[in-house]
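Working notes for the structure below.
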Amino acid sequence: GTGRLLEVAASGGVDGVAVVTARNRREVVARRERVTKRRQVHVAVAPLGTIGAKALVEVGDRVVERAEKLGWPPLVARVKQKRAAVLRELGKGKPARTTLIAAAAASSAGNDLDHLVSIYIDLGDVETRLTSEFSLGHSWTVLAEGTLSRLGPRTDTQLRILRQRAIGARLAGRLEDARTDDEAALAIARTKGPMAELHVLADLGLVFGEL
């Protein structure tokens with residue numbers, strides 16, 4: 001700031017001021033680049049939230065192509081995950097899986113581990129609900145948990161993993177495993193408020209209804 005410039009000027013003269021001024025200019029340029037990148041993210045992702053599901057599938061490749069031209073892997077990962085979400089809603093399990101795996105690769109390339117965990121959880125959902133590949137679905141949740149362990153406490157994410165794993169175990173007929181995961185999820189949900197607790201209790205009710 002100005003105070004720092006005066007301090008440098010007092011100790012190093014004009015040359016000192018020039019050094020700090022140049023540094024400030026670099027910081028301004030870097031800040032502008034970050035703002036531009038955020039705007040590009042918004043422009044690339046915005047269409048995904050404003051058009052219908054079937055239309056999104058038709059234009060999805062163009063949106064992904066736009067994101068890839070920007071050359072920022074975390075953005076590519078987010079766009080592909082959004083496209084996969086539409087495919088999941090349309091019941092297209094295998095295309096959703098392919099798209100999510102590509103999203104995971106982009107997220108990994110960008111070292112965006114939080115987002116990578118989210119993609120793994122989505123893959124678990126695809127294998128559980130759409131392809132009935134229950135063992136594979138479980139493997140994705142194991143990957144999600146392993147990646148999460150590198151990030152430190154993320155109780156919201158841990159809750160998602162446990163619920164997804166419990167759903168997969170229940171649909172695969174492993175009801176004791178489902179109950180174990182649901183009970184672990186319930187312990188976390190009770191710290192999140194009544195709505196989170198109710199969701200897990202509903203899952204537990206399904207398990208107890210089948211035991």
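Observations
- A viscosity of 0.692 mPa s and a temperature of 37 °C, combined with the Kirkwood radius over C-alpha pairs in the Stokes-Einstein formula, give segment 144-193 a diffusion coefficient of 296 µm²/s.
- In segment 62-142, the convex hull through the Cα atoms has an average projected area of 4.7 nm², a quarter of its surface area.
- The reciprocal of the average 1/r between distinct C-alpha atoms defines the Kirkwood hydrodynamic radius, which for segment 69-211 equals 15.4 Å.
- For segment 153-169, the Karplus equation 6.51 cos²θ - 1.76 cosθ + 1.60, evaluated at θ = phi - 60°, returns couplings of x, 9, 5, 4, 5, 4, 5, 4, 4, 4, 5, 5, 5, 5, 4, x, 5 Hz by residue, with Gly and Pro reported as x.
- By accessible area, using a 1.4 Å probe on protein heavy atoms only, segment 142-196 has 55% of its surface on carbon and sulfur.
- ³J(HN,Hα) computed for each position of segment 101-113 - Karplus, 6.51 cos²θ - 1.76 cosθ + 1.60, integer Hz, glycine/proline x: 5, 5, 5, 4, 4, 5, 5, 5, 4, x, 6, 9, 5
- Pair SER149, LYS69: separation of 7 Å Cα→Cβ label points (nm): 4.3 nm
- For the pair LEU136 and ALA187, the difference between a 0.36 nm per residue extended length and the Cα-Cα distance amounts to 15.7 nm.
- Label-reachable residues, segment 73-91, where backbone N falls under 15 Å from a point 7 Å from ASN111's Cα toward its Cβ: 73-74
- Pairs of alpha carbons in segment 103-156 whose separation is greater than 19 Å (percent): 26 percent
The values are calculated or read from the model by the stated rules, or taken from the named source; none is laboratory data. A quick note: this is a predicted structure, and the numbers were derived from the prediction, not measured. A quick note on method: Cβ atoms are made from the backbone with ideal geometry, for glycine too, and the neighbour counts reach across all protein chains shown. Note: areas computed on protein heavy atoms with side chains; ligands, DNA, RNA excluded. Shrake-Rupley method; radii C 1.70, N 1.55, O 1.52, S 1.80 Å.
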